[in-house]
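Read-outs throughout are calculated quantities, based only on the coordinates presented, and are distinct from any laboratory measurement. Everything quoted here is computed from the prediction, not taken from an experiment. No Cβ is skipped: glycine too gets one built from the backbone with ideal geometry, and neighbour counts run over all protein chains shown.
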Amino acid sequence: MRDVIGDAAGKIWHYLDANGESSVTKITTETGLGKNEVQRAIGWLLKEDKLNIEIIGRAETLSLK
């Protein structure tokens, strides 16, 4: 499971590096990852201090630090 989450975190990091700030919904759609994989990967990236997260209303926007 750890490898799956790590791979998803890498996929999200590369997506944000190439595309810039993006919503969690768009990242989920564009990367083809499942919602649970995305949420776990967000936790991974936050723990490694590689991610900024901004919540406006119900929308979560992610960007790299």
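Structure values in brief
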quantity	calculated
Added length on full extension, which subtracts the Cα-Cα distance from 0.36 nm per residue, ASP3 to GLU30	7.7 nm
Exposed GluC sites (Glu not before Pro) absent: longest stretch of the chain, with sites in DSSP loops and at most 15 other Cβ within 10 Å deemed exposed	22-47
Other-chain or far-sequence residues with amide H under 5 Å of LEU64's (modelled H)	ASN52
Unit Cα scatterers, Debye sum, the chain: log10 I(q)/I(0) for q = 0.12, 0.21, 0.27 Å⁻¹	-0.24, -0.76, -1.30
The chain: calculated mean residue ellipticity at 222 nm from DSSP helix runs of at least 4, using -39500 (n - 2.57)	-19000 deg cm²/dmol
Cα-based Lys proximity count in the chain, under 17 Å, for pairs eight or more positions apart or on separate chains	8
